[in-house]
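Chemist: Below you will find the structure I want to go over with you.
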């Protein structure tokens, strides 16, 4: 029932967006009372400290290319809601995933007031003083409504600095149902066996710390924030034997299937689906829609499988990230920007994005909704978050050494004994902590 | 050997004599290079002292107008018929002072600490929400402080010139001579002082957009600007030589020092191979194309040269794609029944050989263009005498062509050697530094050159100070190398030969 | 005797033809691959065969019609404008500097030459941030003039080749003109420049190509102002993780289009280029 009204509203709005493109949204909201009625789902909306900023407020918002249209619609709605208090003009500007951090580090004053970013750059941003802290009622709002991992991802030094936007910035198993059965997808052995049976490849980007950390995390070598100095990566206590045998289990298994195992960029998963050469792979959530496009009904998604370590099936643990929305600390209108950030991350907007963009929510209610449960891709990735280490407080020095580790582990031309493995784990940890 | 003896030699003997002389002079050149640097600084010091001396004596000797020019710049010239010159000096003074007052002083003021006030957030009373209070930005203080210092140096030079001009104008009036009018003086800039006209604009542009940023970067190496101290959120400050100590310190396991030495070794190996492989292969192809009996010369040349026209980053991204594990090269190998090769991610050796070969694809066409003309100019009698001695083409190439070319094109070779040390594009776009197989390298892969490491240090791990220090070291090596070879090369010493 | 000499010459010629043919093939084939795959209809980034199965013009069409994310035509125009202006300024400053260093004699000339030689050897990444803030102080960031400045400001340092060229022009020419009462300025414009066509073409070509290749500095200067991106940055971004899957074929098509004008220009001017670089690079 809600969905229908929403859809009509969305269509109307998107028409308006197309007509006006970049022009102010404040102008479109002529009569406030009827408008609040139209977007009745936010009827009880009452912005905090609204008297602080008035007149014409100009904001700039950064969001990824894929989300431009929905972002514009949502900003439009926000302008309408706020039209009783102020005239707001919002300029939505496309920005790549990694750009906000690098641009704000170069010059925060030209940055957007409100911007989306992946949680791995939050340390850089906070360190550079680019994010406005989330305090008081806003903080409660964030903690109450979002899943724990996403709140953690927005936290630096026990302070929250951003508003969780999605809960899906990670990867899981993507497979061709005509090659791998649902049952086989539960164990890594099964996946590889199934691929081999039909001579299809299995793709994983081991040469990248983001994926290769699986080898360490599954074996219990997980990260645990920073040391006292605030930059040196801290590792949780681990058992070297378990760690070694797990990493060796990965190596031996992949080595057994080395003619079908491909250590290559993630784009090769979907490419392979298109050309029919790949049976399964470990792929990121941002590529799910491409996988669906390539395989149609045969597209299968599942949490990362188990791997057999010394006879016990062990669940693979990965790194799980979130997308966040932050408020620029040098914004001219911090109060309105905070309102906008809250608005963009609320339940409705997250639901919209789940429908329009296939983005997994961080909002608890949306995550539990049937909308998500019925989508195999989204539910798999959200399920995956339970078997993962949140991408929180990861040192910038983490990625390169772990990529090296992953790369060495799946280099089957070299001899690699248990002792080498131990040595490598030690060196990798030391290297992450160096500098 | 006397001149007459030299003249009596055959052309090939002459050439080999010259080449021998060239290399035997090398060590001496090194010595004289450092002597020249010493001399440079000595002269600079003397000049400065000289300037100061004249400064005082002119003041005591000069009349009132000249004395007043020490405060109001250009006054002396103004009162002695050189209105334009006087106004120019005065304008310089006013500009400088207003720069200082409006902009420069405020930044220079904090140059010693690079800022003390941290940017922080406070709770706004009206909204109950945080807002940001801007503090100091160390980076801007460093940059604009440096700008102020450089401008001050320039101003001092202008100021001294002003006192000199005032004094000279006074002297020439006393001697009953007429001072040059503005028009005459300007005309002088089209003839006698034409070098000033030609050089001032480029020098200005280079000073502002090359030298100033360079000084800024050099200074960063002496600060603690790293990932813990990133402005505007954090402040950084001076730490002296600590950063350099880090770069040279080799410890057990992964360290910056170990990485620095490993990458230096590879950078040198790369630069040598990349330079000479391009050079030799390019020359051989050029010789083949230009052999008299070969037809379709322009077609052959076009085949190679066309690759230059494709922007380099495109052709490198393209090569990266073609050489992937599932790229077209491996597809073709598959058709021929060969196992695929992982060009970029098997062993360091394979990846290194691959980048050197791809670099040939990129660079050889330039050598072909560059050397064609010179190859045609090698005196034919050199070859003739060799042929009479029964030398094969291969022997001829290594005994005549190659030495002759190296001798004649040294500046070009040095340029490309230095260019290869700094060859960012090939490595960054082709391998991205990979393969990552050495767990002891700090933020680097096995084909990373010092420049690409430097880039990763700034972009990935934000170790700006380390990057700056490495940059300085690379620069010192490149600069020394090229200055020595350039100044001993024929083209520099015999500049006037063609006049 | 003569016969065997001819025979051996023929054999050596054939060997050379084979080698040249083989090498030529190696050199050209990546570009041929680029051309073919820019018309590829199926697949994403890579396909497991050599030639595309189906051909289409869609990749090219999309470049010019689908401009929401990658405004290729606009960026192409930007690059062209920047390249033209940067080229004019660079060429002027290179010629001015090298003429002064080659034909004029003044105090500390040698010192200037040496400093100029080494200044360009500093790896430039760290200086970019300084450049950014200098341009910001002039209120030029995120504009095309900023790019023109960046690409041409340091051009004067590339004087080596053209100085070499000027050195080869006999000084007697200048002397004769001076006797006739010409100023240095007149000598430069009326006597030296007209006979310097090869080096002029060489300088113009190299400085024109520069802006088509840089993608790092543009990003820092332009920030989020996509309207002012250049084509190199646009193409480089098409191969970013975020866009590669969708835009790779457009990247290939875009590369072909960028390569066309430069190739045409280059092939037309090739002979001048060779003359300039040979005379200037070394004086045998």
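Chemist: How many percent of the alpha carbon pairs in the protein assembly as shown exceed a separation of 57 Å?
Modeler: It works out to 24 percent of all Cα pairs.
Chemist: Oh, and also: Which residues does a label at residue A:252 reach in the range A:303-341, if reach means a backbone N under 11 Å from a point 7 Å past the Cα toward the Cβ?
Modeler: Only A:308-312 fall inside the zone, counting backbone N under 11 Å.
Chemist: If you stretched the chain out fully between residue B:31 and residue B:109, how much longer would it get, using 0.36 nm times the residue separation minus the C-alpha to C-alpha distance?
Modeler: 23.9 nm
Chemist: Now for a separate question. Just to confirm my numbers, what's the Cα centroid distance between the range C:24-79 and the range A:119-141 in Å?
Modeler: Each part reduced to its Cα centre gives a spacing of 42 Å.
Chemist: What order, most packed first, do the peptides A:371-378, C:118-125 have when packing is the mean number of other Cβ atoms within 10 Å of each residue? It would help to have the intermediate numbers written out before the result.
Modeler: Numbers: A:371-378: 16.9, C:118-125: 21.1.
Result, highest mean Cβ count within 10 Å first: C:118-125, A:371-378.
Chemist: Next question. Size of the range A:217-367 along its principal axes in angstrom, Cα-based, largest extent first?
Modeler: 59, 49, 27
Chemist: Follow-up question, since we're still on this one. Which value in deg cm²/dmol, rounded to the nearest 500, describes the helix-derived mean residue ellipticity at 222 nm for chain A, given -39,500 (n - 2.57) per DSSP H run of n ≥ 4 and division by the residue count? Before the final figure, lay out the partial values.
Modeler: Values: 19 runs with 192 residues, N = 435.
It comes out at -13000 deg cm²/dmol, rounded to the nearest 500.
Chemist: When only Cα pairs under 8 Å and 6 or more residues apart are kept, what is the percent relative contact order across chain B?
Modeler: Values: 533 pairs, mean separation 80.3, N = 499.
Answer for chain B is 16 percent.
Chemist: Against the longest principal axis of chain B, how steep is helix B:348-377, in degrees 0 to 90 to the nearest 10, with axes from Cα atoms?
Modeler: Roughly 80 degrees between the two axes.
Chemist: Which whole number gives the average count of other chain Cβ atoms within 10 Å of the Cβ atoms across peptide B:432-445?
Modeler: Per-residue shielding by partner chains comes out at 6.
Chemist: Moving to a separate point now. Considering every residue in C:236-243, what mean count of other chain Cβ atoms within 10 Å of its Cβ is obtained?
Modeler: 5
Chemist: Could you give me D for the range B:247-494, from Stokes-Einstein at 4 °C and 1.567 mPa s, where the hydrodynamic radius is the Kirkwood radius over C-alpha pairs? Units µm² s⁻¹, please. Show your work: numbers first, answer last.
Modeler: Details: Rh = 20.2 Å.
Roughly 64 µm²/s, to the nearest whole number.
Chemist: Now, a different point. If packing is taken as the mean number of other Cβ atoms within 10 Å per residue, what is the order of B:161-169, C:156-164, A:138-146, highest first?
Modeler: C:156-164, B:161-169, A:138-146
Chemist: Taking springs between alpha-carbon atoms closer than 10 angstrom, which of A:85, A:322, A:171 fluctuates most in the Gaussian network model of chain A?
Modeler: For chain A, modelled as a Gaussian network with Cα springs under 10 Å, the answer is A:85.
Chemist: Under 12 Å from a point 7 Å along the Cα-to-Cβ line of residue A:386: which residues of the range A:282-323 have their amide N that close?
Modeler: Counting only backbone N, you get A:303.
Chemist: Report, in deg cm²/dmol and to the nearest 500, the calculated mean residue ellipticity at 222 nm for chain C, where each DSSP H run with n ≥ 4 adds -39500 (n - 2.57) and the sum is divided by the residue count.
Modeler: -23000 deg cm²/dmol
Chemist: Only bridges with both residues in chain A count here: give the DSSP antiparallel percent, nearest 5.
Modeler: Among the beta bridges of chain A, antiparallel pairing accounts for roughly 60 percent.
Chemist: Using helices alone, I'd like the mean residue ellipticity at 222 nm for chain B: each DSSP H run of four-plus residues gives -39500 (n - 2.57), total over residue count, nearest 500.
Modeler: -21500 deg cm²/dmol
Chemist: Using a 7 Å offset from the Cα along the Cα-to-Cβ direction at both residue A:355 and residue B:160, what is the distance between the two label points in nm, to one decimal?
Modeler: Distance between label points: 7.7 nm.
Chemist: Once you treat every alpha carbon in the range B:228-359 as an equal point and sum by Debye, what is log10 I(q)/I(0) at q = 0.09, 0.10, 0.12, 0.20 Å⁻¹?
Modeler: -0.52, -0.62, -0.80, -1.23
Chemist: Send over the Kirkwood Rh of the range A:279-358, from the inverse of the averaged 1/r over different Cα pairs, rounded to one decimal Å.
Modeler: Evaluated over the range A:279-358, this radius sits at 16.5 Å.
Chemist: Just the number, please: Stokes-Einstein D of chain C in µm²/s, Kirkwood Rh from C-alpha pairs, 25 °C, 0.890 mPa s. Walk me through the numbers before you get to the answer.
Modeler: Values: Rh = 22.4 Å.
Taking Rh from Cα pairs, D becomes 110 µm²/s.
Chemist: With just the Cα atoms defining each centre, how far is the range A:142-193 from the range C:83-100? Give it in Å.
Modeler: 56
Chemist: Most exposed first by the Cβ proxy, i.e. fewest other Cβ within 10 Å, how do A:394, C:50 rank?
Modeler: Final ranking by Cβ density, sparse to dense: C:50, A:394.
Chemist: Compute the helix-to-body angle for A:188-197: its Cα long axis versus the longest principal axis of chain A, expressed 0 to 90° and rounded to tens.
Modeler: Compared with the principal axis, the helix lies near 70 degrees.
Chemist: Over the alpha-carbon set of chain A, divide Rg by the Kirkwood Rh and report the Rg/Rh ratio to two decimals.
Modeler: A ratio of 1.00.
Chemist: Two decimals is fine: what's Rg over Rh for the range C:2-58, C-alpha atoms, Kirkwood radius as Rh? Mind showing how you got there, number by number?
Modeler: On the way: Rg = 19.4 Å, Rh = 14.3 Å.
My calculation of the ratio gives 1.36.
Chemist: Something else now. Measure off 7 Å from each Cα along the Cα-to-Cβ vector at residue B:402 and residue C:246, then give the distance between these two points in nanometres to one decimal.
Modeler: 5.4
Chemist: Moving on. State the volume of the convex hull built on the alpha-carbon positions of the range C:151-284, expressed per residue in Å³ and rounded to an integer.
Modeler: 143
Chemist: Sorted by mean Cβ packing within 10 Å, highest first, what order do the peptides A:72-81, B:283-292 take?
Modeler: The most tightly packed comes first, giving A:72-81, B:283-292.
Chemist: Given the range B:45-240, what whole percent of its Cα pairs are spread farther than 25 Å?
Modeler: 55
Chemist: Return the ratio Rg/(2.2 N^0.38 Å) for the range B:398-489, where Rg is computed over Cα atoms only.
Modeler: 1.34
Chemist: Considering only DSSP beta bridges with both partners in the protein assembly as shown, what is the antiparallel share in %, to the nearest 5?
Modeler: The answer is about 60 percent antiparallel.
Chemist: Please give the length that would be gained between residue A:238 and residue A:140 if that part of the chain were fully extended, namely 0.36 nm times their separation in residues minus their C-alpha to C-alpha distance (nm, one decimal).
Modeler: 31.9 nm
Chemist: How would you rank C:75, B:361, going from fewest to most other Cβ atoms within 10 Å of each one's own Cβ?
Modeler: In increasing order of surrounding Cβ atoms, one gets B:361, C:75.
Chemist: Using the basic label-point model (7 angstrom from Cα toward the beta carbon), what is the residue B:49 to residue B:299 distance in nanometres?
Modeler: Rounded to a tenth, the inter-label distance reads 7.2 nm.
Chemist: Something else about it: Roughly what angle does helix B:11-24 make with the longest principal axis of chain B, taking Cα atoms, 0 to 90 degrees, to the nearest 10?
Modeler: 50
Chemist: Over the alpha-carbon set of chain B, work out the extent along each principal axis and list the three values in angstrom, largest first.
Modeler: Over chain B, Cα extents along the principal axes are 89, 85, 43 Å.
Chemist: Mind checking the mean number of beta-carbon atoms from other chains within 10 Å of the Cβ atoms in B:298-308?
Modeler: Mean shielding by partner chains, rounded to a whole number: 6.
Since every read-out is calculated from the coordinates, none of them should be taken as a lab result. Since the model is a prediction, treat every value here as computed from it, not as a measurement. Glycine also receives a Cβ, built like all others from the backbone with ideal geometry; neighbour counts cover every protein chain displayed.
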